[in-house]
Every structure is written in structure tokens, then in C-alpha cells.
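**Student:** I have a structure here, written as C-alpha cells, and I will follow up with some questions on it.
Values quoted throughout were computed directly from the atomic coordinates according to the rules given, and no laboratory measurement underlies them. Since the model is a prediction, treat every value here as computed from it, not as a measurement. As a convention, Cβ positions derive from the backbone with ideal geometry for all residues, glycine included, and neighbour counts pool all protein chains shown.
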Amino acid sequence: MWAQTSSTLTAGDRAQAPRNPAWLGRELTALVAGLPVVALMLVWAIHDGGYDTDTWYWGALVMLALLTGVVIARGARAVRIPRSARVALAAFALYVAWSYLSISWAQSPGDALEGSNRALLYLLVFSTMLVLPWTVRSALIALLTFAVGVGIVAIVLLVRLASADHVASLVISGRLAAPTGYFNSTAALFTIAALTAIALASRRELPGLLRGALIGFACAGLQLGVIVQSRGWLFTLPLIAIVTIVLLPDRLRVAAAAVIPVVAAVAPIHRLLHVYQSATPGPALNHSASLAGHSALLLCGLGFVVATLIAWGESVLPAPRPNPVRRRVLGTITIAVTVIAVGAGGVAATHGHPFRFIEHQWNGFSHPLTTATGSHFTDVGSGRYDFWRVALDAFVAHPIGGLGQDNFDNYYVSRRRTNEEPEWTHSLELRLLAHTGIVGFLLFGAFIVASIAAALRGRRRPGLAGFVAGAALLPLVVWLIHGSIDWFWEIPALSGPALGFLGMAGALGARPPADTLAAGDAVAEIRGVDADSVAGDGAPPRPPRPALRAAAFAAGALALLAAVVVLGFPYLSVREESGATNLRQSNPAQALHDLTIAADLNPLSADPGRIGGTIALDDQRYASAQQRFDQSISRDPGGWYAWLGAGLAASARGEKAVAQHDLRVAGSINRQEPVIRRALALLHTAHPLSPVAALAQLTLSL
């Protein structure tokens, strides 16, 4: 794999570089600690994007243990982080600290704690990938592992579609939701993997079969993106493509590698789109999915064969001599051609009327409505305009600290103009402003700017090193651009790769220790480090004073203990909740006991009381239900459901005055819920609304 890269070295250098123990030790350390992080990203991808708390909480504990092990094994003095990356790390850490501080003013402290723990998870992912001693080869292996892993998931999905294997569990309302469980995040996941695969497949250093496989995986990812029919994906894809071409070196080769996957996604477009037209589960949906799957798999196979043959043919030809001037000219031409191609594709997709199409979409966006057409791409209607309106109102009302982390849902319900109840703002920027105010927005913005600056330092390295650093930024490109109009922060399968590989790109710009440069400047270049960058770096730093070392150790131990506490106890609470949910039908008494333990393990969370109250209502334990809903209200007074549950329990116990008060509070928070109005209307009649009937009606309306 490294034949072309090392062709400029002397025979002695080539023999010495691989046997350098320090160099091999750095590479092994990066792989041993880095590949488990990538594996965790893939686990999240196939488990509903890692969205569920009982999935990402244990991942956060794994990341905490992994980061602690890396720092202890390497020693704090051995960790070399570029200055801009240190600024980024400090800004991210301050953002997480501010997020935890927002618990003190959040209306729902339990939600703020959960959101802060999710932010801590991302800080752990970024930090772990940043402090590892990445070499070019180990970073390349990490990217390949991610791209191949998601690519295999894509092929498996296409096989299941082709064989009509439980299509209804994969496709919801005619759109592919698997594996993340959410349409837009599924499209973004496969786009990230496809872009990464295309970029890596353009490199001559990789074996021909691997390059062909990467193109095949990219074909699968883009085709699945079409089946998802995410309008956010469609509208942001042109900008993502342009930024990708601008970001990566060797733009002409990357653009050439993208031709086969793009053709593979466009050629069967009618079959891919037809899945949406057969939305109802049954034979018609199975037939459409089977046709789409077979066409997609055939084109993936053809893409693999053609790309492999091209790669093999290229391997027998001599590599062109470097020509910086020609490279810059070709790069500029490639950018221009990409922009023109994107524009031409937009005109073709809108049947020659792009401005009319944009106006139509804007009207549907700003005035929510639904129009049934043959493709979700051409449908209009979205609640985002109202979500963003309320998010901006929240920022104006709470400009410094925001509502508190993850406290948007209750605020929105009482101010909404739609019938939706979103938990998230559907925009990264508005999420920062609404949840953590201007302070959180500036801190996270500083992190993004500084971390990109650190990554671009690695991007400027010559040869394969700079290319790998650029490719590591591609998940962030999709996450930032598409995530500006969607809720991707909450999905670890997207935020993990975006922030983790961002940390890896920043680490590639770090100066390596002098003892790893046994083969001189040539070995430095193979790892992507300029000779000038290591000059004068051989002198070991002076050891810190014993007092400072002891203080740093104590601070680190306290931080570790605090992280274990804030992550461990809520995770145990979540596990108790999950077990209780599984037992609610077969053993409600045991389920209620488990939820009591869950409430004790996490004294901020309103979920155990809300879930326990619902189980008690269903089991006609009205006194217990009222007590548990009251507990939930004390922890989250803005949640309408707990007020409704408490009112229903009081009504069933004959406490009409208490029931009327609780139901009116629920109605003041959620004015659109018909069950609340019906419960109030029937409260003083001979036949008040029973809790069981109310729960059944709520289930139907959700």
C-alpha cells in the first residue's frame, strides 16, 4: 500500500522506517485505542443511530475508560497537541461545563443533565481521537474501517430490500428509515460514508480491489440516500459536494472517482423513487423495494468491477511527476466544473424552473401544508419554520444562558402553531442559542473554528498525509451543513464521526517526537510532517514541578470521579427504566419497584415518575399513580403529560377539585390535546373519562 508513497526514499530509509520501534509504537497505540472508537461509531449506526439513552450512555462510559487508559498509558508529557487544538479542546470543555451549569436554571433539570451528559460524550470522543499519536497509515486505516463498515451496512440493507425481507420494518411511509430510525440521519450517515469512500478510492496507494470495493460501497450509500428521500439531504447535497471538492487535494482524481457512484444513483432513479409511491406495507411495497434493491445491487457490482479494473490499469502506469502549477490549474478547473454540474443538475431536477421550485418550497416551508405528489422530494410542508421561530423567541427571552440544555420541547408546546411536539430545534445553530444562549453559542463556535484550524494544519501536509487529514473532515462537512437544518447533534452515529475524525485531523498536524524520525526527513514526509516542523523539536521539555504535577493529578482524579458519577448513576437509572418498560405488562408491580429505584438513582429525572404513573394508571393503582405523577411534576413542572396523568388519577379517586386544577394546568401547557379537553368536560358528569380510555386515546393520537 505504501509502495508509491515511499518510492522517493532510499533503500536504507525504506528498510529503517518500518523497523523504528518508536514509530511502530505510536502507530500501534493509535490503532489499539482508535479502532474501538470507530467500532463504537458503527455500533451506534446500526442501533437506531445511538439515539436511545441506554445505548449512548454505556458508550460514554466506554469512552471515559478509553480516554483515561490512553492518558495513563502514554503519560501526560507524551501527549502532543497543537496550540490551536488545545484552544479547541479548552473551548469544548468550557461549553460542556456551561451546559452542566445550565441545570441550575433549566425548567427540567433532568433533561438538562441528560443533554449535558451527551455533550460530555462528544467531548470524550473528540479528546480521545485528538490525543492519540496518529500516523498517516493508522489514520487511513481508521477512515477505511468506518467507510467499509457503513458500506457493508448499506449492502446488507440493499440485499434485504431486494429479497423483500421485512421491508415494512425498514421503510416507513415509503421512505427508508433504517438503520438510524430517522430518515434524514440515515441519508446523512450514508452520505458521510459515501464521500469518505469516494475520496479514499481516488488514491493510487490503495490496492485495486480495495478501491473498487470503496466505489461499490459509495454506490450503495448514494442509492440508499435517494430511497430515503430526505429534502434536507437533497437541498444541502450541492453545497456539500462543492465544499468537498474545495477541501480535498487532488480534486480532479476525487471528481473522477465520484463519476461511477453518481451515475449509479441517477441511472435507476425511477425504481428508487417508486418505493415512496408504494408506501402502504404489503405486496406492492415489497415488489417496489425488491426492484429497487436488485437494480441497486447490480449497479454496485458493476461499479466495483469497473473501478477495480481502472485501479489495476492505473497501477501498471507510472505515477505522473508532481507539477504544482498544473495541479493548481486542474484543481481550479475541477471546482468550476463541479459548480457548473451542480447548477445544471438543479435546473434539470426542477424541469428548467429552479426559481419557481424554490419559491414553491419556501411557501410550503413558511406556511406548513402537505401536498401528496409522486415523490417526497417535491412535497412541501414542514414545521421547521415554526420550530425556528420559537427557538429564536427562546433565545431573545433568555439571551445569556438559554432555556437550559435540552429544554426546548416544553417551551415549544405552549407556543406552537403546528400540531407537532418536537424535542429538538432542528438546527445546530439554533439549538446552541436556544439551549445554552450566546455564551454556549460562542464557546462552541470557538471550538469549531479552532479545531478546523488545527485540522487544516494537517491538511497542508504534503502527499497522502494532507489528503487523509482532508478526508477526515468530510463527516464534519455533512454534519455542519445538513445539520444546520436538522437535529443531528442528538444522534451519536453522526456526531461521533464528525467530532471524532475532526479530532484525528487535528492530531495529524501535531509535531511528532524526535525519536520517531530515525530515517530523517524522508520518514517525516511519509508520515506527513514537514522537515521544518520537527526542527529543534528534539530537546525534551522540562519536567513540571512536583507541586504542579500533584495538582494536575488531583484535578484529573476529581474530573474522572465527577464524570463517573454524572454518567454512571443516570445510566443505571436508565437501565432500571428499560427493565421496567419490558415488565409493564407481565409484572407491573416489579416494574413499579424498578422505577422507584430509577427515581432514586437519578433524583433530577422526571422520566421514572412519568413512566411509573402511566403503568400505575393502566393497572388501576390510582394512589400510586398520583404520587408518581406528582414526583414527575416536581422535577419537570412544564411537562403537560404528568399534569394530565395526575388529574386523571385524582379524578378516578374522586378528588374533583384536585383533578380540575391538574387538568387545567395540563390544558394551559398543551392547548391542542383533545384528551385534556374531554377529561375536563366529563369531570363533573356521572361518567368522567377513565384513565384507561384516556391512555388509549393518547396512544392513538401519538
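**Student:** Once you treat every alpha carbon in the stretch 549-701 as an equal point and sum by Debye, what is log10 I(q)/I(0) at q = 0.12, 0.19, 0.21 Å⁻¹?
**Tutor:** Each listed q corresponds, in turn, to -0.54, -1.07, -1.24.
**Student:** For the stretch 137-315, what is the Kirkwood hydrodynamic radius in Å, using each pair of distinct C-alpha atoms? Write out the running numbers ahead of the final one.
**Tutor:** Details: mean 1/r = 0.0621 Å⁻¹.
The Cα-based Kirkwood calculation yields 16.1 Å.
**Student:** Now for a separate question. Pop a pseudo-label 7 angstrom from the Cα along the beta-carbon direction at both Asp54 and Arg80 and give the gap in nm to one decimal.
**Tutor:** 4.6 nm
**Student:** Also: Among Ile340, Ile633, Ile310, which comes first, then next, by fewest other beta-carbon atoms within 10 Å? Mind dumping the intermediate values first?
**Tutor:** Details: Ile340 10, Ile633 21, Ile310 18.
Going from least to most buried by this count: Ile340, Ile310, Ile633.
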